[in-house]
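Quick one: structure below, then a few questions.
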Amino acid sequence: MLGAVVGDLVGERKWDEALRTAGIPARWEQIVGAEIAAHCRPDRLEGGELTCVAESTAWATQIRLLSRTILDRLAAEVGPGVVRRLRVHGPTAPNWRHGPLRVTGRGPRDTYGSRAAEAAVAPGGPHCRVGGHCPARISTPRAPTGAR
């Protein structure tokens, strides 16, 4: 009786597809197998496109080659047409953008304690040899001669 009421509620609210797709991450190993699940995980499902993250670019390529098989298994598990496309990408580099503000420019380069980077901005460093001008040196104004 309770099952029928819940089933009616799911039908009325059109939650059928949402409930089927919610089980993909939980049953991922059963759907794709232990070996693929050990190297790839589902990330999100939007508009029928399932995005997965592989642990390496080599595994991402391998899983792309198996995408037709994985899509067939997903159709058998959650229903046809729920997952229409599989997008797989490898690991991403760390994102250095935190917060709403952005600074344009070259971005992080050799900033992890390199002696060459420290010498380049130090007064008397290599940049000071260009034309005899050193932008890193701060000159203090001298008092005029003869004024006491």
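The values are calculated or read from the model by the stated rules, or taken from the named source; none is laboratory data. Computed from a predicted model, the values in this text were never measured in an experiment. Note that each Cβ is placed from the backbone with ideal geometry, even for glycine, and that neighbours are counted across all protein chains shown.
Just the residues that are out of contact with any strand residue (DSSP E or B) (no Cβ under 7 Å at 6 or more places or on another chain), closer than 11 Å to Ile36 by Cβ and among the hydrophobic types (A, V, I, L, M, F, W, C), please, taken from the stretch 50-80.
Leu66
Sticking with this one: Restricting attention to the stretch 60-86, which residues are exposed (fewer than 15 other Cβ atoms within 10 Å of the Cβ) and of a type in the set (Lys, Arg)?
Arg68, Arg84, Arg85
Go over the candidates Leu19, Leu45 one by one and state the one that is surrounded by 14 or more Cβ atoms within 10 Å (Cβ to Cβ) and either over 13 Å from Leu86 (Cβ atoms) or at pLDDT 75 or above (or both).
Sole residue among the options that is surrounded by 14 or more Cβ atoms within 10 Å (Cβ to Cβ) and either over 13 Å from Leu86 (Cβ atoms) or at pLDDT 75 or above (or both): Leu45.
Can you name the number of the only condition in (1) out of contact with any strand residue (DSSP E or B) (no Cβ under 8 Å at 6 or more places or on another chain); (2) closer than 26 Å to Gly48 by Cα that Pro100 fails?
Only one criterion is unmet by Pro100, namely (2).
Also: Pairs please, first residue from the stretch 83-101 and within 24 Å of Ile31 (Cβ to Cβ), second anywhere and modelled with pLDDT of 75 or more and in a loop (DSSP other than H, G, I, E, B), Cβ atoms under 8 Å, 6+ apart in sequence or on different chains.
Listed pairs, sorted by first residue: Val83/Ile24; Val83/Gly48; Arg84/Gly48; Arg85/Gly48; Gly90/Glu55; Gly90/Ser56; Pro91/Glu55; Pro91/Ser56.
With respect to Ser56, is the statement that it is at pLDDT 85 or above and under 17 Å from the mean Cα position of the chain (by Cα) true?
yes
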